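Scroll down for the structure; my scribbles are underneath it.
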Amino acid sequence: MNALVWPQQVTIREVGLRDGLQSIARTLPTGHKLQWIQGAYEAGIREIEVGSFVPPKLLPQLADTATLVAFAQTLPGLCVSVLVPNLKGAERAMDSGADWMLLPLSASHAHSLANLRKTPDQVVAEIADLVDARRARGSAIRIEVGISTAFGCTLQGRVEPGEVLCLVQAVLELGVDRVGLADTVGYADPRQVGELFARVRAVAGDQLACGHFHDTRGLGLANVMAALQTGETRFDACLAGIGGCPHAPGASGNVASEDLAYLFASMGVATGIDVAKLLALRAQVAQWLAGECLHGSIAQAGLPRTLHTPEVMA
């Protein structure tokens, strides 16, 4: 058996400020969020999903997204993304100056109806409108579509890989810039991840550019490794493993950013992240979220003395 060739560098996008905080009832003060962005940047993270342009009455936790985008844009080399649920949100994203808008598209009909009150085909039609709106405005913002529940759904059960492939092809034909695959409810296993990423990459090529894994059943990092072996080099993660899907009862949240950063550091794969600084930020966030259920292993065990990490990127 031939030895695996690992990539020299991967990118970790911190999504805790959106995917993490939206699942926590309390509203974190804007000042703390700004410190979170600054701390993540100083630790070497260069991609952050800072929030979502959703109606404040639905998610008051994310009502200050425009303020966060404005601050994040002052940090040199930081790629700033926001989640967008509809055309109005897309207009706000374009006005904000964010670099990317992330559009969720569920492969599960049941999940799509429960989450957005629309079928997947209706969401694809809305994405077409968003692409047209970007073109009409001459906006430089880029569009990433995240295919959620790509590996299964708590409401529907099995999601056919063919459905995922059809949705990927549909949105790429519309003119979106890239797509990602998300294990929204933690149903995926490494074999399933490897097979689906390989099939989608055959269709999307380098436009398949993100893996989003939840650690609901303890397979988050194993699934990251499976995607890595297919050539994926960008992954979402949440500091302290917070977050999760409201349609996945008992979910433990997303893959923890600090655990993922440690995984790659231990393998000698560069991320540009100083794991010790990221752990210090986690400790600070843990104080702000005292009483909330946090996750992650390296924060409990600490860094081994044998770890040698690369320099943080300038």
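All of the numbers you see were taken from the coordinates with simple rules; none came from a lab. Worth saying up front: this structure is predicted, and the values here are computed from it rather than measured. Cβ atoms come from the backbone with ideal geometry, glycine included; neighbour counts cover every protein chain shown.
If you take the beta carbon distance between L34 and A136 as r and set R0 to 41 Å, what does 1/(1 + (r/R0)^6) give as a FRET efficiency, to the nearest 0.05? Let's see the in-between values first.
Working: r = 33 Å, r/R0 = 0.80.
Given R0 = 41 Å and the Cβ-Cβ separation, E is 0.80.
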Estimated inter-spin distance, L87 and A301, nm [label 7 Å along Cα→Cβ]: 5.1
Residue-span extension gain [D206 to Q287] - 0.36 nm each, minus C-alpha spacing: 25.2 nm
Burial ordering of M225, M267, M94, fewest other beta-carbon atoms within 10 Å first: M267, M225, M94
Over the chain: helical MRE at 222 nm, DSSP H runs n ≥ 4 each giving -39500 (n - 2.57), nearest 500: -12000 deg cm²/dmol
Simple Cβ-charge dipole of the chain, Lys/Arg +1 and Asp/Glu -1, about Cα centre, in debye nearest 20: 320
Pairwise label distance in nanometres, V269 with Q229, each label 7 Å out on the Cα-Cβ vector: 1.2
Distance between modelled label sites at C79 and A128, nm, 7 Å Cα→Cβ extension: 2.9
Extension gain, E173 back to A25 (0.36 nm per residue minus Cα-Cα distance, nm): 49.5 nm
Cβ charges +1 (Lys, Arg) and -1 (Asp, Glu), total dipole of segment 173-233, debye: 120
Share of alpha-carbon pairs per 20 Å distance bin for the chain, given as whole %: 35, 61, 4
FRET E, pair A70, L113, Förster distance 41 Å, beta-carbon r, rounded to 0.05: 0.75
Dipole of the chain [Lys/Arg +1, Asp/Glu -1 at C-beta], most positive-end residue of V164, G20, Y262: G20
Qualifying lysines (Cα of each under 28 Å from Cα of K277; at least 8 residues distant if same chain): K33
Where trypsin sites (Lys or Arg not before Pro) fall in DSSP loop in segment 1-108, at most 10 other Cβ within 10 Å: K57
Exposed GluC sites (Glu not before Pro) absent: longest stretch of the chain, with sites in DSSP loops and at most 16 other Cβ within 10 Å deemed exposed: 1-291
Computed FRET value (nearest 0.05) for A280 with A222, which takes r as the C-beta separation and R₀ as 30 Å: 0.65
Amide proton proximity set for L83, modelled H, under 5 Å, gap of 5+: G51, S52, F53, L102
Partners for K88 among lysines (Cα-Cα distance below 18 Å; same-chain residues under 8 apart left out): K57, K118
